[in-house]
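Sending over a structure as C-alpha cells; questions will come in a sec.
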Amino acid sequence: MAAAFTTRGLVKRYGPVTALHGVDLDVEEGELVGLLGPNGAGKSTLVKIGCGLVRATAGQTAVCGARAGSPQARASMGYLAEFFRFPGWATADELLILHQRLARSRGGDGERAELLELVGLTDARSRRIETMSKGMQQRLGLAQALVGTPRFLFLDEPTSALDPGGRRTVRGLLEELRTRGVAVLLNSHLLSEVELVCDRVAILSRGSIVAEGRPSELARPRGVEIDVDGGTRLYEGMGRDEVPALVAELVAAEEQVYGVRILETTLEEIYLEAVGDQAG
Amino acid sequence: MRGIPIVIGYSLKESLRRRVFLVVLILTAAFLGLYALGTNEAFQVVESRSLGGPADDPFAVDDRELTGATMFGLSMFGTLFLGAVLAAFLTLGTVRGDAERGLLQPLVVRPIGRSTLLVGRFAAAALVCGLYVVLVHAAALLITWQIGGWIPDRIVGPAVQLAAAMAVIAALSLLGSVFLSSTANGIAVFMVFGAGLVAGLLGQIGEALGSETLMDVAETASWILPFEALYQDGLAAITADSSGFTEFALTLGPFGGAQAAGVFLWPWALAYVALIGGAAVVAFARKDL
C-alpha cells in the first residue's frame, strides 16, 4: 500500500521568494507526524500543496498514491485549514451534510452523529455556526475534515483556538484516529502537544527539513540525576548506558539510592537548536 | 460535474438564509410601487394634455404607445440595473473574496474540483438573476397594461434577453472575482456596467444628433459588453412594430440607443459567456489559494 503522503524534491517559489527548497517527507499509513517550524518556515505552504490549494514549482507530491490535488487524492484526504471560516448561516449538521455531498460520503445521519460526538458537539448539532465560539468552530472543523472517512488528514494548527479542555479533546481524537489507522500530518506550534501525540516529527526551517525522526531519536542525553541521602547529584554528559555503573559505584560507596532520572533534551530544545536564529 | 447541483443548492440556500431574497423582494416591491405611481401619473397627464393629432394626420403621435413604451422602456432599464446589482453581489466574492475570508478552502479541497464550484456558482447566480428580471419585467408589463392599456410589441424576447444579460454580468463578475478582492471586483463590475450604459447613452445622443461616429462607438461598445447589446435589442423589440412619427418620437426618449442587433447577437452572447467563463475556470485552476 502507498504511503499516506509523500513529497520528493518539493520546491515552491512565490516570485523572488523561495518558500520550499526541495523538501522530502513521508507519512506512512496510520502514522501521526508533527510538522514544526517557525512562522514563515513553509509549513502551511507544504500542507496547501498537499491539499491542492497551491501549485508546486517543482517536485512531486502524492496523497495515498495519487498526485496531490487530483480528484483521487482529494477523495482520500481531509483538511482543516489554519485560517478557515464556515458559513455562519448554516447549522453544524447542515455543514456536515454539505461536506458529505461534496465528498460523496454515504455515511448519512450516522456518520454526522458519530463525528459530532467525537469532537464533543453532539448538543450543538442544530446550532448555527455564527453563534458558536471559535473553539467550537475549530472542533466542528475537525469533524468536517473527517467526513468521508479519509485515510489521511492535514491538520494545520488544529488547536490554536482551543482552551486546555478542547486541546485534550483533540489529543484524544488524534489517539482515536491512530487506532483507526488514519495517517495525520499535524502542523502545530504547540511542541508539548506534538511531543505527546506524534510518532515522528519533522522540523522545517527556511523551507528545508532540518531535523526529522521520532522524538526519542532526536533527543540527546543531557546527564543523569540520582537522588541520594545528601540530595540530588547531577552527572552531566552521562546517559542511560552509564546508569548501572553509576548506581553500582554509589552503592559500593554505601550511599542510599532513592531515585534515578535520565535527562534528555526536550523537543523544545531540539527545535530551538534546529531552527537556530529563525526561532521567535 | 456531478457536483454542480450541490453547489447550486448551497448557493441558493446561502442567499435565502442571508436574507438576500427578502431584501430583494422588499426593494423590488418598492421599485414596482414607484413604477406604478409614475406610470399612472404619466398616462393621466398625457390623457389630459393630448399630444397627438387627428387620426389622418401623418405627423400624429400615438399617445398611448409613446407613454406606454417610454415608461416600459424605463422599467427595463430599472430591471436591468436591479438585476445587475443582484448578479454582481451574488458573485463578486466567489473566488478571491471567499478565499480571503477562509470560506473557499474547505470546499475546493473536496473531490468536486474548482471548475465545478465555479460553474455551479455561475449557474446559481444566472438562474436567480435571470428568474428575477423575468418576474420584474412581467410585473412591470402587467402594471403598464393595467394602468395604460398598452402592451409591448414583443413580450417574451426582451424578457429572455434581460435574463441573458444577467448571465453575461454574472460571468464577468466571476472572472473578476478570480483576480480581485470583493470590494475591487464590485467597483470594477459596476464601472463596466456603467460603461455599457454610457455607450447606450452615446448612441441615444448620436441618434438625436444624427452622428454616425457616436452611433458607431455605441454599437462597438455594446458588442464588447453584450449585456448592453442584449438590452438594446430587447428595448428595440418592445416597439418593433411602431411606425411613423410615433417611432421618431420614441427615438427622442430612452429608445434613442435601442438597436436591433441582428442574428449574430445570440451566438455572440453565448460565445462571450463561454469565453469569459472559460477564462475564469482556467485562471481559477492556476490560482494559489
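Quick note: the coordinates plus some simple rules give every number you see, no bench work behind them. Keep in mind that what you see is a predicted model, and the values were worked out from it rather than measured. Neighbour counts are summed over all protein chains in view; Cβ atoms, including those assigned to glycine, are modelled from backbone coordinates with ideal geometry.
Grab the beta carbon distance between B:ALA138 and B:LEU27, set R0 = 25 Å, and tell me the FRET efficiency rounded to 0.05.
The value I calculate is 0.90.
Quantify how strongly other chains surround peptide A:68-78 by giving the mean number of their Cβ atoms within 10 Å of each of its Cβ atoms. Could the numbers behind the result be given before it?
Details: counts 0, 5, 2, 4, 1, 2, 6, 3, 1, 3, 3.
That works out to 3 on average.
Now for a different question. Arrange A:HIS99, A:HIS189 by Cβ neighbour counts within 10 Å, fewest through most, would you? Show your work: numbers first, answer last.
On the way: A:HIS99 23, A:HIS189 15.
Placing the least packed residue first, the sequence is A:HIS189, A:HIS99.
Post the alpha-carbon centroid distance, the stretch A:73-152 to the stretch B:158-234, in whole angstrom.
42 Å
Order these peptides, A:100-109, A:42-51, by their mean beta-carbon neighbour count within 10 angstrom, highest first.
A:42-51, A:100-109
As an exercise, use a Förster radius of 60 Å and the Cβ-Cβ distance of B:LEU131 and A:GLU29 to find the FRET efficiency, rounded to the nearest 0.05.
0.75
By what distance, in whole Å, do the Cα atoms of the protein assembly as shown stretch along each of the three principal axes, largest value first?
Reported extents, whole Å, longest axis first: 136, 49, 41.
Now for a separate question. For chain A, with a Gaussian network of springs between Cα atoms less than 10 Å apart, report the residue from A:VAL251, A:VAL243, A:VAL182 with the top mean-square fluctuation.
A:VAL251
Toward the positive end of the charge dipole of the protein assembly as shown, about the Cα centre and with charges on Cβ (Lys, Arg +1; Asp, Glu -1), which of B:LEU202, B:ALA125, B:SER182 goes farthest?
Ranked along the dipole, the leading option is B:ALA125.
Follow-up. Pick out, from A:SER44, A:GLY34, A:LEU116, the residue whose Cα sits farthest towards the positive end of the charge dipole of the protein assembly as shown, with +1 on the Cβ of Lys and Arg and -1 on the Cβ of Asp and Glu.
A:LEU116
If you scale each eigenvalue of the Cα gyration tensor by 5 and take the root, what three semi-axes come out for the stretch B:171-223, rounded to whole angstrom and sorted largest first?
Those come to 29, 9, 6 Å.
Let me know the shape class of the stretch A:5-214, please: from the alpha-carbon gyration tensor, a ≥ b ≥ c as square roots of the eigenvalues, rounded when a/c is under 1.5, otherwise prolate if a/b is greater than b/c, or oblate.
Prolate is the answer for the stretch A:5-214, as a/c is 1.5 or above and a/b outweighs b/c.
Kindly point out which whole DSSP H helices in chain B project their C-alpha atoms 27 angstrom or further along the helix axis while averaging a Kyte-Doolittle hydropathy of 1.0 or above. Write out the running numbers ahead of the final one.
On the way: long enough: B:20-48 (42 Å, 1.57); B:63-91 (42 Å, 1.12); B:114-148 (50 Å, 1.52); B:156-179 (36 Å, 1.93); B:182-209 (40 Å, 1.39); B:265-285 (29 Å, 1.83).
Flagged H segments are B:20-48, B:63-91, B:114-148, B:156-179, B:182-209, B:265-285.
Putting +1 on Lys and Arg Cβ atoms and -1 on Asp and Glu Cβ atoms, find which of A:GLY230, A:LEU246, A:ILE209 reaches farthest to the positive end of the dipole of the stretch A:205-262.
A:ILE209
To the nearest 20 debye, what is the magnitude of the charge dipole of the protein assembly as shown about its Cα centre, counting +1 on the Cβ of each Lys and Arg and -1 on the Cβ of each Asp and Glu?
820 debye
Something else: Running a GNM on chain B with Cα contacts under 10 Å, which residue among B:ALA30, B:ALA126, B:ALA221 ends up with the highest mean-square fluctuation?
B:ALA30
To the nearest whole number, what is the average tally of beta carbon atoms from other chains within 10 Å of the beta carbons of peptide A:220-227?
0
A further question follows. Treat the count of other C-beta atoms within 10 Å as a stand-in for reagent exposure and order A:GLU130, A:GLU255 from fewest to most.
If I rank by nearby Cβ atoms, fewest first, I get A:GLU130, A:GLU255.
Mind checking Rg over Rh on chain B, alpha carbons, Kirkwood formula for Rh?
1.03
Please give the Cα centre distance for the stretch A:173-243 versus the stretch A:1-60, rounded to the nearest Å.
22 Å
Modelling each spin label as a point 7 Å along the Cα-to-Cβ direction, I'd like the A:THR149/A:GLN72 distance in nm, to one decimal.
About 2.0 nm, to one decimal.
Next question, about the same structure. When Cβ neighbours within 10 Å are restricted to other protein chains, what is their mean count per residue of peptide A:82-91?
5
Could you check the spin-label model distance between A:ARG55 and A:TYR258? Points 7 Å from the Cα along Cα→Cβ, value in nm.
Once both label points are built, they end up 6.7 nm from each other.
For a paramagnetic label modelled at 7 Å from the Cα of B:GLN146 toward its Cβ, which residues of the stretch B:28-51 fall within the zone defined by backbone nitrogen distances under 20 Å?
B:28-45
Would you work out the charge dipole size for chain A about its Cα centre, treating the Cβ of every Lys and Arg as +1 and the Cβ of every Asp and Glu as -1, and quote it to the nearest 20 debye? Intermediate values should be presented prior to the final figure.
Working: 32 positive and 38 negative charges, 422 e Å.
That gives chain A a dipole magnitude of about 2020 debye.
GNM on chain A, C-alpha springs below 10 Å: top fluctuator among A:MET238, A:MET132, A:MET77?
In this elastic network of chain A, the residue with the biggest mean-square fluctuation among A:MET238, A:MET132, A:MET77 is A:MET238.
Spin-label point model (7 Å from Cα, Cβ direction): what's the A:ARG125 to A:VAL243 distance in nm?
Here the modelled spin labels are 5.0 nm apart.
Determine, for A:TYR79, B:TYR35, A:TYR258, the number of other Cβ atoms within 10 Å of each Cβ, and report the residues in order from fewest to most.
Working: A:TYR79 27, B:TYR35 22, A:TYR258 10.
So the residues, fewest neighbours to most, are A:TYR258, B:TYR35, A:TYR79.
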